[in-house]
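Remarks on the structure that follows.
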Amino acid sequence: MDQFYIPQGYAPRLNLYDTQKAIGLLKRLFEDTLGGALNLRRVSAPLFVEASTGLNDDLNGVERPVTFDIPAAGRDAQVVHSLAKWKRMALHRYQFSVGEGLYTDMNAIRRDEQPDNLHSVYVDQWDWEKVLAPRDRNLEYLQRTVSTIVDAICQTQTTIRAMFPQLSPLPGISREISFVTTQELEDRFPVLTPKEREDAWVKDHPTTFLMQIGGALKSGSPHDGRAPDYDDWTLNGDILVWNTVLGRAFELSSMGIRVDPAALDRQLSLAGCDDRRTLPFHKSLLAGELPLTVGGGIGQSRLCMQLLGKAHIGEVQASVWDEETIRVCQEAGVILL
């Protein structure tokens, strides 16, 4: 387990039921705002996918999916880790045009996640994906999309604070975004770990888009792991904000322009994953049969934590926790759902 703690003197700004009301309002507001801003339509998404399709995501490449058999279908299924690849197939099936996209509620189980203040084995996020034109596979388009998402977050924050004035003392999320690459952070903070670099930078740049995650840096190691078959490692990143409750950088979204056939071919080789080339999703993408897209995931519980000033993800979602987490939270007066 990563370091888990409840800050000294922490007290929730909303009681248990007001928290539930605020969560419901926040989720409705944000998804409507985001959908309108990015021209996204809501669709239904699977909780599990067939194991043999290659549609499930490998995340950092070592996480084990929850797998089970379906006797009536004669097939094995996997609970999703995320929907990055499924969304791209869905855009193809729905025959969406350039500039159109989808969003959905994504619920996942990541059994190998290390629970802490921010992480749970249960994952809930808004997954979104949008068709783009070849001319838009560039950094400028990516940065404009990031700005649109941050603006939707800030609009949601303004309304939530109007409805729940007790949240007003919390520092607001800044619309001013710092765009920085992982290599720039390594060059600036060569002796720090990747997480320490994020904390050092975001403390002074409280809304940051950290770019180019997945490929090896000059040091020989990547800043963080990314599966080779959805984000283009040169055109992706994380939206990070400064969380004053925990005193650390706080990831709200992982997103990026997705691989085209050339980027997929390159990244599969770099990651040693050439065996995936025969899977249906990868064969279709390498053949140029799938649309070019941009997309990402925005953590629902993460956004609730940030905007409602919560110290632990268990205050805004129901999950299963170890005895030490339960004990520490009880002693601090923190109620886990």
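Where a number appears in this text, it was derived from the coordinates with a stated rule and is not lab data. Keep in mind the model is a prediction, meaning the values are calculated, not measured. Glycine also receives a Cβ, built like all others from the backbone with ideal geometry; neighbour counts cover every protein chain displayed.
Side notes on the structure shown:
- Under 20 Å from a label point set 7 Å out along the Cα-to-Cβ vector of residue 140, the amide N atoms of region 166-191 belong to 177-181.
- 10 Å beta-carbon shell around residue 265, net charge (K/R +1, D/E -1): 0
- Between 326, 10, 24, the Cα set farthest toward the positive side of the dipole of the chain (charges on each charged residue's Cβ, about the Cα centre) is that of 24.
- Once both labels are positioned 7 Å from their Cα atoms along Cα-to-Cβ, the gap between residue 158 and residue 170 label points is 1.8 nm.
- Considering helices alone, the calculated mean residue ellipticity of the chain at 222 nm is -10500 deg cm²/dmol, with DSSP H runs of length four and up weighted by -39500 (n - 2.57) and normalised per residue.
- Of 160, 227, 202, farthest towards positive along the dipole that unit charges on Lys, Arg, Asp, Glu beta carbons give the chain: 160
- Region 229-295, relative contact order [Cα under 8 Å, separation at least 6], %: 33 percent
- Applying the Karplus relation 6.51 cos²θ - 1.76 cosθ + 1.60 with θ = phi - 60° to region 108-124 yields 3J(HN,Hα) values of 9, 10, 10, 5, 9, 4, 9, x, 7, 4, 10, 10, 9, 6, 9, 10, 10 Hz, where x marks Gly and Pro.
- Note on residue 189/residue 69: beta-carbon distance plugged into 1/(1 + (r/R0)^6) with R0 of 45 Å gives a FRET efficiency of 0.40.
- Scanning residues 5 or more positions from residue 179 or on other chains, those with amide H under 5 Å from its amide H are 209, with H placed 1.01 Å from N in the peptide plane.
- Taking 7 Å steps out from each Cα toward its Cβ at residue 133 and residue 287 produces label points 2.8 nm apart.
- Pairs of lysines in the chain (C-alpha under 30 Å apart; 8 or more residues apart or interchain): 22
- For the chain, hydrophobic long helices are taken as DSSP H runs at least 30 Å long by C-alpha position along their axis with mean Kyte-Doolittle hydropathy of 0.0 or more; these are 16-38, 139-163.
- The simple spin-label model puts a point 7 Å past each Cα toward its Cβ; for residue 219 and residue 275 those points are separated by 3.0 nm.
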